Amino acid sequence: MSPRPAHQDLVRALLDRHGRTYAAEAGIRLRDTPQPLYQLLVLADLLGARIRASVAVAAARALFHAGLGTPRRMADAPWRQRVEALGAGGYRRYDESTATRLGDGARLLLDRYGGDLRRMREAADGDLGALRGALQELPGVGPAGSGIFVREVQGVWPEFAPYLDAKALQGARRLGLPEDPDRLRRLVPAAGTAALASALVRAALDPSVAEEVRERAGQFA
């Protein structure tokens, strides 16, 4: 019987194959500046719905390709343009309601924060509950969407790291990794927590990912 792979080997194998954030997959070059932060918010909104992650990522890409990558452009765009962009990305199940809430959310973000999520960060002052609560005041951003946003943004807003939500910890359990966020964080460089969280989510969503990672990790032993 082959030995059980060490935690470090499992994480190495996981990140080698699946260590890409959903923001990166959607073409977002995440930095602490208004446009990529807003694009991450849009992606988190889409990922928070009951729809495949690949479809949400494709829809986000389609929205940005259509020029709707800032709150001002999203707010000013005709509703039909938002619907068509979502449809082009394959996000058809909720396209009309999502198009409405994206417009409403962009307008609220402009009114309350000048379109700049860094002001929301400043208001939260390092309080995770305050940040998630503020995010959930935006139309369509519920607990799932706010959690996804924090999970992805922790690389550039490190005061909220380590943030590994229930889905990421489910992936850790499936791989036989610790389910404690602080212990998981110590398995990667400080800047790698967001990538680890995304990879763990993929393991939670797809059992074949865990099987593949365990097999690959065994080769490192």
Can you name the condition, by its number, that G129 falls short on among (1) under 21 Å from A49 (Cβ atoms); (2) modelled with pLDDT of 95 or more; (3) not aromatic (F, W, Y)? (1)
Just to check your reading of the model, which residue among R101, R174 is within 30 Å of A6 (Cα to Cα) and without any contact (Cβ under 8 Å) to a residue 60 or more places away in the chain? R174
Against the conditions (1) open to solvent by less than 60 Å² (accessible area, probe 1.4 Å); (2) in contact with a helix residue (DSSP H, G or I) (Cβ under 6 Å, 6 or more places away or on another chain), where does A88 fall short? Just the number, please. (1)
Taking the condition of being within 25 Å of P34 (Cβ to Cβ) and either of a type in the set (D, E, K, R) or not in a loop (DSSP other than H, G, I, E, B) (or both), how many residues in the stretch 153-170 meet it? 5
Among (1) touching a Ser or Thr at 6+ places or on another chain (Cβ under 8 Å); (2) open to solvent by 10 Å² or more (accessible area, probe 1.4 Å), where does D9 come up short? (1)
What number of residues within the stretch 128-160 satisfy the criterion of being among the acidic types (D, E) and surrounded by fewer than 16 Cβ atoms within 10 Å (Cβ to Cβ)? 2
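The values are calculated or read from the model by the stated rules, or taken from the named source; none is laboratory data. No experiment lies behind these values; they were computed from the predicted model shown. Heads up, the Cβs are rebuilt from the backbone with ideal geometry, glycines too, and the neighbour counts pull from every protein chain shown. Side chains included, ligands, DNA and RNA excluded: accessible areas come from the protein's heavy atoms. Shrake-Rupley method; radii C 1.70, N 1.55, O 1.52, S 1.80 Å.
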